[in-house]
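Okay, structure first, notes after.
Each reported figure results from applying straightforward, stated rules to the coordinates on display, with no laboratory input. Everything numeric in this text was worked out from a predicted model, so none of it was measured. In this analysis, Cβ positions are derived from the backbone assuming ideal geometry, glycine residues included, and neighbour counts consider all displayed protein chains.
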Amino acid sequence: METVDNRSRLIEVEPLEGESLSHFLGRFRRANYLTTTGLGKLTGLGAVISRWEKLLLNPFPTRQELEALANVVGIDVERLGEMLPPKGVGIKHRPILLCAVCYGEFPWHRIEWQFKDRLGCDRHQLRLLPNCTNCQRLFPIPADWVQGECQHCFLPFATMAKRQKSIG
Ligand SMILES: [Zn+2]
Ligand SMILES: [Zn+2]
């Protein structure tokens, strides 16, 4: 019988600057044709993967869990830690927030948008969007951001910048 080394068959996915763990997990899974359940099995983390994709980070990922993920995705634990809020910073998992201007520059979800005490985007001094500016539907979890547009009315995320208000 042929033994299969799963690790050696996986495609590595480069983490992006400021990218949230949820967004990264979605990209990694799609590059490797894995479902959430499939990645849960490969890492031995089971349903924890699905919780992380929903940005449910309470209980916070342990070193051991991150090592299990690191072994599969081929990225070190410290770099994975940058996809999470730093120690002492709370996170809100809902609604998923967006700075459409940031997204227009670099199309991925940033972990800092979900920091609990954030009033808006620090870079652009704009309020973060909690839903689509056209149809008001909530944004999907970042793991499911593929086309960079509203799943219901198909308005591109970057276009929503026109409706973003400044802070204060
Ligand atoms: Zn921004
Ligand atoms: Zn919409």
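A cut-off of 5 Å between modelled amide H atoms, ignoring neighbours fewer than 5 places along the same chain, links His109 with Ser20.
Hey, got a sec? Which trypsin sites (Lys or Arg not before Pro) in the range 1-94 land in a DSSP loop and have at most 13 other Cβ atoms within 10 Å? Don't jump to the answer; show the numbers that get you there.
On the way: sites: Arg7, Arg9, Arg27, Arg29, Arg30, Lys41, Arg51, Lys54, Arg63, Arg79, Lys87, Lys92; in loops: Lys54, Lys87, Lys92.
Passing sites in the range 1-94 are Lys87.
Just to be sure I follow the definition: excluding the sites themselves, where is the longest run in the chain that has none of the GluC sites (Glu not before Pro) in a DSSP loop with at most 12 other Cβ atoms within 10 Å? Excluding the exposed sites themselves, the longest stretch runs over 18-168.
Is the shape of the range 13-81 best called rounded, prolate or oblate, per the rule: a/c under 1.5 gives rounded, else a/b larger than b/c gives prolate, else oblate, with a ≥ b ≥ c the square roots of the Cα gyration tensor eigenvalues? All intermediate terms of the calculation are to be shown ahead of the outcome.
Values: a/c = 1.21, a/b = 1.01, b/c = 1.20.
Verdict is rounded for the range 13-81.
Annotation for the range 24-100: chymotrypsin sites (Phe, Trp or Tyr not before Pro) lying in DSSP loop with at most 10 further Cβ atoms inside 10 Å of their Cβ are Tyr33.
Checking every one of the chymotrypsin sites (Phe, Trp or Tyr not before Pro) in the range 86-168 against DSSP loop status and a limit of 12 other Cβ atoms within 10 Å picks out Phe154. Taking all C-alpha pairs of the chain, those more than 29 Å from each other amount to 21 percent.
The percentage of C-alpha pairs in the range 53-141 whose separation is greater than 21 Å is 37%.
Over the range 1-143, Cα pairs under 8 Å with separation of 6+ residues give a relative contact order of 27 percent.
Placing unit charges on each Cβ (+1 for Lys and Arg, -1 for Asp and Glu) gives the range 34-168 a dipole about its Cα centre, and among Ile49, Trp108, Cys135 the Cα reaching farthest toward its positive end belongs to Cys135.
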